[in-house]
Ligand code: NAD
């Protein structure tokens, strides 16, 4: 069993850290929020007073932070994890961040001879609690082989997507597809409504036809056809509008940086920005169907 430093104990990080404790590891955590540290302590983890203190003597360090700037700061800041690392700790960043930051941090780790993977997740808070997350992993073979056993204790599906940053690339491309397909499904159901076609009838037909996709079959944006979808609980999340906006923006930054033209992605990002800015940031992203219904 390993000593693991865990930085970032929010909605996702805390349940992930708890699964590592359940697997028998000694977990020492740090978060800027006192509340998060108390919850870790109550569940059998140890809390530290700083990132440096949490990482001291650890064989593995896991981070689950909001965005690229936090990850850069925590790893490559003057008093960061890489500057302070002793021995050969494995670094695992599970945050969803921009590809460029992921590659820059891994390059800094490599310069110091440290193995690092970017390992963003899909599956949400439920997946983090149930240890059923999907991990999309970027990094060298050696780093992936070291990380896999720990990721398996927090998730169910672990995919090596290629070199550094490719985990983030996979996450960003997947979520751009999801953001666009949710808009397509929403437009289809709103058009059906306005044509006098019942939502359940459209679902019964389209879910078995060529228009079928995950956003329709598992997460239908109108109430009724998929009882577990957020549409049936007034769009309580789920996956918030703010999170979808973050990922759509990451996809557009990545497209710019890579010279890819993603015109539909760009328009989708604008629509999610409007949705989040009009008081829906904390509601489920599928509530965007209401914005489409009201559009003139
Ligand atoms: P969160 O805001 O609940 O948690 C982030 C935590 O990081 C907070 O507790 C915050 O205090 C802490 N933090 C920030 N800066 C820090 C620092 N310098 N040192 C120590 N702690 C610091 O966010 P979350 O929902 O847990 O998401 C974390 C990451 O996972 C994000 O990148 C998000 O995009 C990604 N993600 C979230 C979900 C989801 O459904 N919530 C799903 C997939 C991926």
- Task: Run the numbers on the stretch 1-49 and let me know its relative contact order in percent, using alpha-carbon pairs under 8 Å that are six or more apart.
- Result: 38
- Task: Can you pull the one-decimal nm distance between simple spin-label points at residue 11 and residue 214, each 7 Å off the Cα toward Cβ?
- Result: 1.7
- Query: When only C-alpha pairs under 8 Å and at least 6 residues apart count, what is the relative contact order of the stretch 68-111, in percent?
  - Reply: 48
- Query: To the nearest 0.05, what FRET efficiency results for residue 256 and residue 177 with a Förster distance of 22 Å applied to their C-beta separation?
  - Reply: 0.75
- Between the stretch 46-79 and the stretch 142-172, the Cα center-to-center distance that results, in Å: 19
- According to the Kirkwood expression over distinct Cα-Cα pairs, how big is the hydrodynamic radius of the stretch 194-264, in Å? 14.4
- Pairing the Cα long axis of helix 263-275 with the longest principal axis of the chain, what angle in degrees results, from 0 to 90 and rounded to the nearest 10? 90
- Per the Kirkwood treatment, what hydrodynamic radius in Å, one decimal, follows for the stretch 1-102 from the mean inverse distance over all distinct Cα pairs? 13.3
- Task: For each of 56, 263, count neighbouring Cβ atoms within 10 Å of the residue's Cβ, then give the residues from fewest to most.
- Result: 263, 56
- Task: Rounded to the nearest 10 degrees, what's the angle between the helix 99-111 long axis and the longest principal axis of the chain, both from Cα atoms, 0 to 90?
- Result: 10
- In vacuo Debye sum over C-alpha of the stretch 117-207, base-10 log of normalised intensity I(q)/I(0) at q = 0.14, 0.19, 0.22 Å⁻¹, listed in q order, is -0.63, -0.83, -0.96
- Item | Value of D in µm² per second that Stokes-Einstein yields for the chain, Kirkwood Rh from Cα pairs, at 37 °C (0.692 mPa s) | 164
- Angle, helix 141-152 long axis vs. longest principal axis of the chain, Cα atoms, 0 to 90°, nearest 10? 70
- Note on the structure: Once normalised by the length of the stretch 154-296, the mean sequence separation of its alpha carbon contacts under 8 Å that are 6 or more apart gives a contact order in percent of 27
- Item | Length added when fully stretched, residue 266-residue 145, from 0.36 nm per residue minus Cα-Cα | 39.9 nm
- Between the stretch 109-135 and the stretch 189-239, the Cα center-to-center distance that results, in Å: 31
- With all distinct Cα pairs included, what does the Kirkwood hydrodynamic radius of the stretch 31-90 come out to in Å, to one decimal, could you say? 12.4
- Task: Any chance you could run the full-extension gain for residue 125 through residue 187? It's 0.36 nm times the residue separation minus the Cα-Cα distance, nm to one decimal.
- Result: 19.5 nm
- Note on the structure: So for R0 = 41 Å, FRET eff. of residue 277-residue 205 from the Cβ-Cβ r, to 0.05, ends up at 0.75
- Message: Quick check on the stretch 27-155: what are the equivalent-ellipsoid semi-axes from the Cα gyration tensor, as sqrt(5λ), descending, whole Å?
- Response: 21, 19, 14
- Query: Considering every Cα-Cα pair within the stretch 13-53, what fraction, in whole percent, is farther apart than 11 Å?
  - Reply: 57
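Values in this text are rule-based calculations from the coordinates and carry no lab data. This is a predicted model, so every value here is computed, not measured. Glycine also receives a Cβ, built like all others from the backbone with ideal geometry; neighbour counts cover every protein chain displayed.
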